[in-house]
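Remarks on the structure that follows.
Just so you know, all these numbers are worked out from the coordinates, no wet-lab data involved. It should be emphasised that the depicted structure is a prediction, and the values quoted were computed from it without experimental measurement. Reconstructed Cβ throughout: ideal geometry from the backbone, glycine too, with neighbour counts over all protein chains shown.
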């Protein structure tokens, strides 16, 4: 489809980033699926983006991650992957394969059926693509796809440009035995941007495990990932979630998540960022039903000039919910780690129990870590706490280990593993925990 | 050739000279005690031998098996056979004792060009030594020294000594913070490790420890030097007369 109004609107974009985007959009042509209402929603999202453009340091939420300086421009939409790109992606996939999961693969932002496993679905599991959903005319589904509340500029851009993704539904009462693994692969074509959005809906009393990986095929260098995920967890349902950012070292990864929990639901989430040049993970976790619990933990492992930002909002809108955030960052060389954690307790959300603890370990004099906890509490009977520390490796521990025969790097590696251990230990699922430990060990091994 | 030769060692910490020309020779199989008042430089000597950062050696040398120890990193010294039992062993939360022991043992073996221990051999060896030292298995699963009592921490040092089989053990104030029963267990562990190919340097303020670990040679340190050396009876003499006479002499 080509929507004339939309294209015209794009051409009228005034700001510098808007112009960069208009280039991207003019190249996108008819590759943005969906007409009518979908096109209208894209236009609204695009307007929301152009009002701000690439976020910069004067926008409070982006103070530490100045995309205008770091990213400069939005690259053109990636070409639909050809056979060579799919083949390179398949090779990359082998290196990051996880046993026993159902793989759902996006190459350059396009669902790749040949690399994915969509056959013999467990009973109660439905999997489709975003493209199908946008073309389907299913108004309810499309409303959910555009359902990001208060999207910021980058989430809006993602909504305007989204080309594909996966749409997953787990029926009421169904416990998936096989974890779902969404793999985002940059296929190694010319520097370009991919825009994906996925949807996961867990019915009441359902349970699932979701792993998300971001990786690069050989030859993929300065690419941009613009991703979003909309999750709803039904009453009494449970989601175990791990995301591993192992993008190429020149890549950008901007991901926006929105998670809504029903009553007596449970969300156990862990993110590890060891790859990408610049990454931002922004998530809003909203409690919509009482008696629910969320653990959103993470680890950043950064060196060189890597920049990684985790910005989390825990929205306690109802009483009797618990949230826990444990975040650890290890920063070497001139790396920069950002953690922004906001806890909102709305006026009626009594008996909220929310805790957030973030610790940064700086391995070099030029490493930087910014921790910004924010508590916005409007209820009077709550337990909320936060803490933040930044420091170096303890010299007395290092000497003890070296006096026992460990080299400097070995001693550091052991202490770094212990430092991130508390966050990794919070992963409830044994297999997922092993995945995270392996990813951390890959980072330590690459460090030499 | 002597195992350890400290010759005219001069050491500064933050512009202040702590050791003023200390000399000490230890032969294989010998147990030496170094006694002295607080501030005489006993712990500094043990730290400099193990390679702790923050000490500036301004003169003299330390030879270990004929090689210049001061040029080696702390881990290279450990692999060569130097073991310092710490006065205050550190707690390392998040690093399981078993993981630590295994990583350290294999690092030392690798540095010496020896193969890594297989898991069953390693486990068997650790369990054997732990049982002898009265160290329960659940302690080995906990973080290194985390929540250990003073006695347990010292026993954990002795466990490592037994596992790594060093040729020189330096025990820095092993008796500090131990009651008499804990001291006896730790000392029994040390005594079991006495051997013709292993030397020990026992650093202590009090004669008490030397009732359990009986030395071949006793040195008295004062103000950064060895001021008197003698047989084990020297320790008893000190117990009776105190350190004051040596402080005057030094």
Provide the percentage of antiparallel DSSP beta bridges, counting only those with both residues in chain B; round to the nearest 5.
60 percent
Segment residue B:240-residue B:27, extension gain: residue separation times 0.36 nm, minus the distance between their alpha carbons
73.8 nm
Could you state the angle between the C-alpha long axis of helix B:180-192 and the longest principal axis of the C-alpha atoms of chain B, as a value from 0 to 90 degrees rounded to the nearest 10?
80 degrees
Along Cα→Cβ, 7 Å out, is where each label goes; now give me the distance between the ones at residue A:69 and residue A:139 in nm to one decimal.
4.7 nm
Relative contact order (percent, whole number), region B:136-231, Cα cutoff 8 Å, 6+ residue spacing:
24 percent
For the pair residue B:208 and residue A:447, the simple spin-label estimate (label points 7 Å beyond Cα toward Cβ) gives in nm 4.2 nm
Per-pair calculated FRET efficiency, R0 = 22 Å: residue B:17 and residue B:193 via Cβ, rounded to 0.05:
0.05
FRET efficiency estimate (nearest 0.05) - Cβ-Cβ, residue B:90 to residue B:119, R0 22 angstrom:
0.25
From the helices alone, meaning DSSP H stretches of at least four residues, give me the mean residue ellipticity at 222 nm for chain A, per-run term -39500 (n - 2.57), in deg cm²/dmol to the nearest 500.
-8500 deg cm²/dmol
Expected output is a single nm value to one decimal: the length gained when fully extending between residue A:364 and residue A:392, i.e. 0.36 nm times separation in residues minus the C-alpha distance. What is it?
9.3 nm
Pairs of alpha-carbon atoms within less than 8 angstrom and 6+ residues apart define the contacts here; what relative contact order does chain B have, in percent?
28 percent
Can you tell me which of A:352, A:311, A:389 moves the most in a GNM of chain A? Springs connect C-alpha atoms under 10 Å apart.
A:389
What residue among A:403, A:171, A:423 has the largest mean-square fluctuation in a Gaussian network model of chain A, using Cα springs under 10 Å?
A:403
Shape category assigned to region B:112-195 from the gyration tensor of Cα positions, a/c cut at 1.5:
oblate
Can you give me the relative contact order of chain A as a percent, contacts being Cα pairs under 8 Å and 6 or more apart?
10 percent
Going from the fewest other Cβ atoms within 10 Å to the most, one would list B:200, B:98 as B:98, B:200
With runs of 4+ DSSP H residues as the only contributors, calculate the mean residue ellipticity of chain B at 222 nm using -39,500 (n - 2.57) per run, divided by the residue total and rounded to the nearest 500.
-11500 deg cm²/dmol
Rounded to the nearest 10 degrees, what's the angle between the helix B:119-132 long axis and the longest principal axis of chain B, both from Cα atoms, 0 to 90?
50 degrees
Diffusion constant of the protein assembly as shown at 10 °C, which comes from Stokes-Einstein with the Kirkwood Cα-pair radius and 1.306 mPa s, µm²/s
55 µm²/s
So, in Å, what gap is there between the alpha-carbon centers of region A:170-186 and region B:103-124?
42 Å
One finds the C-alpha centres of region B:9-81 and region A:113-165 to be spaced, in Å, by 68 Å
Between residue B:65 and residue A:44, the two model label points (7 Å from Cα along the beta-carbon direction) sit apart by a distance in nm of 7.6 nm
Only bridges with both residues in the protein assembly as shown count here: give the DSSP antiparallel percent, nearest 5.
20 percent
